[in-house]
Amino acid sequence: MKRISALSFSLLLFGPFAFAGGKMTTSMLLKQMAEALGGASNINKIHSIYYKSDNIVITAGSPLAGMGVQIPIANTQVKVWLTSDGKYRAVMRSAAMQVSPVVTVLSPGEQSVTVPVNVTSAMGYTPLAGGQNCSKTRQNPLCANALMLTFNLGYIRSHGGNSSVKFTAVQPGFSGPIVENDNCGSIASVSASSVKGIETYTVTAKSPGKCSIVISTDAPEGWMLVADQGFLGTSSGSTSTGQMSGPDLERLVSGVYWQTFAYLTRDGIPGKVEYKAQPGKPYYLLEMNPYGGVPIKAHIDKTTYLPDEMQTGDETDPARIIYNIRKWTTVGGVKFPSEMVVNIFNPAYGTPAQAKYTFVKIELNVKTPKDFFAQPTPAI
């Protein structure tokens with residue numbers, strides 16, 4: 001796995017915390033969550049997750065009377081593939097609804113550049129740092145003017161010099177944020193400043209070791225493919241496909257963000273995570289803001305340190321979604337939600353629609369075809 005926020009990775013390098021009686025912080029809480037979910041080393045081995053669910057039960061509220069009606073969607077299969085770099089593919093087929101599969105896909109749209117960092121303690125040569133030219137192309141217009149940063153702490157301490165260097169990153173014509181993630185931890189610190197769309201990064205060597213800095217841009221992209229088989233399964237052979245955008249895509253991004261442990265790992269959709277104190281509450285509150293997604297609020301059980309409730313979208317979002325995790329299953333040493341009750345808010349209903357999911361199969365690191373997430377050309 002490739003990327004991690006500067007905050008999260010530094011947390012996972014150290015052993016368990018002893019903070020009884022102390023003040024909870026974001027770093028402490030993330031470390032405890034990583035341990036409770038199976039440990040940072042096991043989580044970071046995951047590059048894909050496959051879920052299979054059958055027989056979903058949906059309870060929809062009445063817009064007029066506020067009453068609910070239960071709709072068991074028999075013979076339903078929902079297959080979901082999630083990858084550590086933020087890709088997502090879901091296929092839903094239901095014999096009860098007499099429709100062909102509906103395929104939803106999320107793919108990372110970002111460009112990225114990796115800058116290796118090497119900190120040594122030898123004394124035989126002069127430190128090297130930066131100085132490379134940009135090498136942007138049509139396929140990858142993002143550019144960082146450093147291909148490798150090398151520091152020689154032994155030389156610096158003996159002969160004087162600066163243990164910090166600067167390099168810049170730019171993507172012409174790009175108006176969104178440029179995101180920096182690294183796994184440098186105690187090896188080097190990275191700070192950023194921005195002037196007129198050009199990000200300048202200051203890297204300061206701290207101790208010998210090797211790490212990498214990843215600069216990325218652009219938000220994830222999504223599309224949906226719907227096949228039309230005609231009434232009662234009589235195939236008409238037509239399909240339609242189109243790009244997803246707006247709130248629907250943003251909620252999908254946030255769903256993938258938390259399901260792939262992106263707030264704990266060195267890969268996947270970038271984002272910011274912050275602990276918010278909730279005096280007197282039986283849970284810790286984490287606020288997450290995935291890049292390209294909607295805000296997430298996570299309730300972390302104070303006893304187990306597992307997230308038992310995840311809300312995508314804040315209280316002002318009329319279509320926010322709340323995931324309540326009822327059961328966990330351990331696969332590959334990592335805990336995954338195996339039963340969830342999902343509350344889907346919709347202005348058309350007097351009460352939220354509720355879906356109950358039971359995952360009958362969970363597999364890790366399943367290989368997928370090369371074009372698995374590619375958008376097909378629709379038939380007419």
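Cross-link pairs exceeding 26 Å between alpha carbons, from the set 45/356; 45/210; 297/356; 52/367: 45/356. By the rule of a C-alpha distance below 13 Å, with chain neighbours fewer than 8 residues away ignored, the aspartates and glutamates paired with residue 79 are 54, 363.
Put simply, the amide H of residue 183, placed in the peptide plane, has neighbours under 5 Å in 212, leaving out anything fewer than 5 places away on its chain. Of the listed residues 372, 167, the order by accessible area with a 1.4 Å probe, largest first, is 372, 167.
I want the local charge near residue 279. Using Cβ-Cβ distances under 14 Å, sum +1 for each Lys or Arg and -1 for each Asp or Glu among the other residues.
So the surrounding residues net to +4.
A DSSP coil position with no more than 10 other Cβ atoms inside 10 Å describes the following trypsin sites (Lys or Arg not before Pro) in region 283-380: 367, 370. Only protein heavy atoms count here; on that basis, with a 1.4 Å probe, residue 112 has an accessible area of about 60 Å².
Using a 1.4 angstrom probe on the protein heavy atoms only, could you order 226, 165, 334, 360 from most to least accessible area? Write down the numbers at each step before the final one.
Details: 226 60, 165 25, 334 0, 360 90 Å².
Ranked list, largest accessible area first: 360, 226, 165, 334.
The values are calculated or read from the model by the stated rules, or taken from the named source; none is laboratory data. Please read all numbers here as calculations on a predicted model, not as lab measurements. Because the Cβ atoms are built from the backbone with ideal geometry, glycine has one as well, and the counts that use them run over all protein chains shown. Accessible surface areas use protein heavy atoms only, side chains included; no ligands, DNA or RNA. Shrake-Rupley method; radii C 1.70, N 1.55, O 1.52, S 1.80 Å.
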